[in-house]
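The values are calculated or read from the model by the stated rules, or taken from the named source; none is laboratory data. Predicted model only: the values in this text are computed from it and were never measured. Here the Cβ positions follow ideal geometry from the backbone for every residue, glycine too, while neighbour counts run over all protein chains shown. Note: accessible area is taken over every heavy atom of the protein model, side chains too, but ligands, DNA and RNA are not part of it. Shrake-Rupley method; radii C 1.70, N 1.55, O 1.52, S 1.80 Å.
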Amino acid sequence: MSIGHTFLGLLESSPRHGYDLKRAYDERFGHSRPLHFGQVYSTLSRLLRNGLVEVDSVEAGEGPERKRYAITEAGVTDVQRWLSQPEKPEPYLQSVLYTKVVLALLTGRPAADLLDTQRAEHLRLMRELTRRKAHGDLADQLICDHALFHLEADLRWLELTTARLDELAKEVHG
């Protein structure tokens, strides 16, 4: 996800301090991966340098000055362009999991055990996401559904690969 574009979108409603942007980002998008303050301020510096935000005000206080950032017209145009472009679907043609299965077969290790272990990990995460979804608000439910649908597709691939493991082993060794 583009942190810069997300910040621009958050700034459209009103100017904010870096701390407020971090808090808004973490609440809406960073549940499992909150931003580090260094990431916040380096992103804001880049947006400022590129003319997409400006310093709206500076407040003195204890410690460093607090800058409040506002989006510029160029920033509004940039976030509008980003929002209107579709994201490239990820076909996962070079999967780490597929690589592990092939390497297990090439090296005589039990690929079926690898697939069983991965299946168990997927099911564990799906249970965790289902619990989170049950107690979450609509935004949380939607993000959990997105992840669950991807995990379900992975599980189907794990089942298919397990069913074709003997055939794949012949191809890999042939």
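In this entry, residue 44 is excluded by the filter for residues that are hydrophobic (A, V, I, L, M, F, W, C), closer than 30 Å to residue 158 by Cα and open to solvent by less than 100 Å² (accessible area, probe 1.4 Å). Just name the residue that is farthest from the chain's Cα centre (by Cα) out of those in the stretch 7-39 that are surrounded by 16 or more Cβ atoms within 10 Å (Cβ to Cβ) and not in a helix (DSSP H, G or I). It comes out as 15. On the stretch given as the stretch 68-97, residues that are open to solvent by 40 Å² or more (accessible area, probe 1.4 Å) and free of Cβ contacts under 8 Å to residues at least 60 places away in the same chain total 18. If the requirement is being open to solvent by 60 Å² or more (accessible area, probe 1.4 Å) and within 30 Å of residue 8 (Cβ to Cβ), which of these qualifies: 160, 142, 148, 103? Only one candidate qualifies: 142.
For the stretch 78-126, the tally of residues that are in a helix (DSSP H, G or I) and among the aromatic types (Phe, Trp, Tyr) stands at 2. Within the stretch 51-67, the set of residues being surrounded by 10 or more Cβ atoms within 10 Å (Cβ to Cβ) and touching an Asp or Glu at 6+ places or on another chain (Cβ under 6 Å) comprises 52, 66.
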